[in-house]
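The next block holds one structure in the form of structure tokens; read it before the comments.
The values are calculated or read from the model by the stated rules, or taken from the named source; none is laboratory data. All values derive from a computational prediction rather than experimental measurement. Using ideal geometry, Cβ is built from the backbone for each residue, glycine included, and neighbour counts are taken over all protein chains shown. All accessible areas refer to the heavy atoms of the entire protein, side chains included, with ligands and DNA or RNA removed. Shrake-Rupley method; radii C 1.70, N 1.55, O 1.52, S 1.80 Å.
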Amino acid sequence: MYATINALTDRILAGEQIAESEALDLCDVTGTSLYTLFGAASRIKERFVGNDVFLCSIINAKSGRCPENCSFCAQSAHHKTAAPVYPLVDEERIVSCAKEAEQNGSSCYGIITSGTSIGKGDELARVCRSVERIRRETGITPSCSLGIIDYETATALKKAGVETYHHNLETSRSFFPSVCTTHDYEQDVETVQVAKRAGLKVCCGGIFGLGENARQRVELALTLRELAVDSVPLNFLNPIEGTRLAGASNITPMECLHTIALFRFILPDRKISVCGGREQNLRDLQSWMFLAGASGTMVGNYLTTTGRAPEQDWQMLTDLELDVAKCCE
């Protein structure tokens with residue numbers, strides 16, 4: 001396996017793409033060979049995206065009452081959880097959180113709303129006004145995650161100053177019906193394509209530990225490669241009481257790292273960030289995410305759960321002697 005990993009690494013460093021069968025072979029790496037895989041993924045990351053770490057932050061700008069039935073989501077109206085429920089917050093709140101995110105070192109700030117899609121009236125107008133102010137009043141780059149959108153909405157966001165649209169596929173096409181049945185996978189794919197057509201960059205990834213297998217993780221990575229997304233957030237399930245996956249324990253720290261490395265092999269020149277669930281799933285191995293090929297992480301709180309204090313993440317980066325990227329390019 002050591003020879004296989006090195007051979008694939010050399011080909012990727014030379015600009016080639018690995019095939020699905022080769023990616024599946026990497027899923028079989030076990031034992032101490034995993035350390036070889038992590039080191040190779042780190043080499044690939046350094047070659048294509050450098051060693052600077054990209055930090056991002058988000059605001060849960062509208063929470064709860066989502067009509068979708070995603071198995072992991074605390075904000076789904078199909079679940080009974082303790083997640084907060086409130087309408088779209090005002091401009092001042094969105095902008096002040098952007099300023100706080102910038103102070104914490106983030107170069108990208110995501111405005112995220114629950115629900116299938118954003119309302120085209122006051123809601124969309126409020127988001128656009130907030131983005132315009134963030135552009136004027138801060139140096140942070142605004143992004144949005146407003147659910148399934150059409151071209152008209154995408155162009156309005158682009159005009160307001162949004163640089164990146166975030167929309168996760170969550171999992172592979174083949175496993176998606178086990179996660180969500182209230183909308184079709186192709187609607188998510190189409191949203192990615194619409195955003196790209198409007199001139200927006202796209203941040204698109206998924207969540208792992210839902211019960212998917214290794215082949216389905218490869219399937220998701222290959223779909224993201226086919227869609228040519230710009231950045232890839234990797235989340236790991238933090239089971240929430242009241243959801244369908246409450247009490248689930250489907251992924252280990254080493255499996256998380258294995259997944260990060262796998263995505264780096266398939267998507268060598270993309271920004272790959274580790275976001276939700278890293279504290280619970282990586283535990284004492286959080287710093288290893290960068291050694292396994294990740295190039296970024298989320299700082300601060302998540303949608304309905306709390307993250308670590310930013311100071312802890314800065315200390316981790318200092319201990320690793322890694323620099324923080326000044327912009328999200």
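Can you name every residue in the stretch 117-131 that is surrounded by 17 or more Cβ atoms within 10 Å (Cβ to Cβ) and not in a loop (DSSP other than H, G, I, E, B)?
Glu123, Leu124, Arg126, Val127, Cys128, Ser130, Val131
So Phe236 passes all but one of these: (1) closer than 19 Å to Gly211 by Cβ; (2) in contact with a strand residue (DSSP E or B) (Cβ under 8 Å, 6 or more places away or on another chain); (3) surrounded by fewer than 23 Cβ atoms within 10 Å (Cβ to Cβ). Which condition number does it fail?
Exception for Phe236: condition (3).
Can you tell me which residues in the stretch 142-174 are touching a Gly at 6+ places or on another chain (Cβ under 9 Å), β-branched (Val, Ile, Thr) and either outside any loop (DSSP other than H, G, I, E, B) or open to solvent by 10 Å² or more (accessible area, probe 1.4 Å) (or both)?
Residues of the stretch 142-174 that are touching a Gly at 6+ places or on another chain (Cβ under 9 Å), as a first pass: 142-147, 154-155, 158, 164, 166-172.
The next check asks that each one be β-branched (Val, Ile, Thr); those that pass are 155, 164, 171.
Answer for the stretch 142-174, where residues must be touching a Gly at 6+ places or on another chain (Cβ under 9 Å), β-branched (Val, Ile, Thr) and either outside any loop (DSSP other than H, G, I, E, B) or open to solvent by 10 Å² or more (accessible area, probe 1.4 Å) (or both): Thr155, Thr164.
Would you be able to tell me the number of residues in the stretch 175-189 that are open to solvent by 20 Å² or more (accessible area, probe 1.4 Å) and either touching a residue at least 24 places away in the same chain (Cβ under 8 Å) or hydrophobic (A, V, I, L, M, F, W, C) (or both)?
Of the residues in that region, 6 qualify.
Would you mind telling me which numbered condition in (1) open to solvent by less than 20 Å² (accessible area, probe 1.4 Å); (2) of a type in the set (S, T, N, Q); (3) out of contact with any strand residue (DSSP E or B) (no Cβ under 9 Å at 6 or more places or on another chain) Thr243 fails?
(3)
Testing Asn51 on (1) part of a helix (DSSP H, G or I); (2) open to solvent by 20 Å² or more (accessible area, probe 1.4 Å); (3) farther than 28 Å from Asp150 by Cβ, one condition comes back false. Which one is that?
(1) is the only condition that Asn51 fails.
Could you please find all residues in the stretch 206-230 being open to solvent by 20 Å² or more (accessible area, probe 1.4 Å) and of a type in the set (Gly, Ala, Ser)?
Those that are open to solvent by 20 Å² or more (accessible area, probe 1.4 Å) and of a type in the set (Gly, Ala, Ser): Gly211, Ala214, Ala228.
Going through the stretch 64-116 one residue at a time, which ones are surrounded by fewer than 15 Cβ atoms within 10 Å (Cβ to Cβ), among the hydroxyl-bearing types (Ser, Thr, Tyr) and closer than 13 Å to Cys180 by Cα?
Matches in the stretch 64-116: Thr116 only.
Within the stretch 64-81, can one find any residue that is aliphatic (A, V, I, L, M) and in contact with a strand residue (DSSP E or B) (Cβ under 7 Å, 6 or more places away or on another chain)?
Yes, the stretch 64-81 contains a residue that is aliphatic (A, V, I, L, M) and in contact with a strand residue (DSSP E or B) (Cβ under 7 Å, 6 or more places away or on another chain).
Inside the stretch 132-141, can you point out the residues that are assigned to a helix (DSSP H, G or I) and open to solvent by less than 10 Å² (accessible area, probe 1.4 Å)?
Ile134
What is the number of the single condition among (1) open to solvent by less than 20 Å² (accessible area, probe 1.4 Å); (2) touching a His at 6+ places or on another chain (Cβ under 6 Å) that Ala292 does not meet?
If we test Ala292 against (1) open to solvent by less than 20 Å² (accessible area, probe 1.4 Å); (2) touching a His at 6+ places or on another chain (Cβ under 6 Å), just (2) comes out false.
Among the candidates Lys99, Lys62, single out the residue that is farther than 26 Å from Asp150 by Cβ, basic (Lys, Arg) and touching a Ser or Thr at 6+ places or on another chain (Cβ under 7 Å).
Of Lys99, Lys62, the one residue that is farther than 26 Å from Asp150 by Cβ, basic (Lys, Arg) and touching a Ser or Thr at 6+ places or on another chain (Cβ under 7 Å) is Lys99.
Show the residue pairs that are 6+ apart or on different chains and have beta-carbon atoms under 7 Å apart, the first residue being within the stretch 19-38 and more than 14 Å from Arg217 (Cα to Cα) and without any contact (Cβ under 8 Å) to a residue 24 or more places away in the chain, the second being hydroxyl-bearing (Ser, Thr, Tyr) and part of a helix (DSSP H, G or I).
Sorted first by the residue in the stretch 19-38, then by its partner, the list stays empty.
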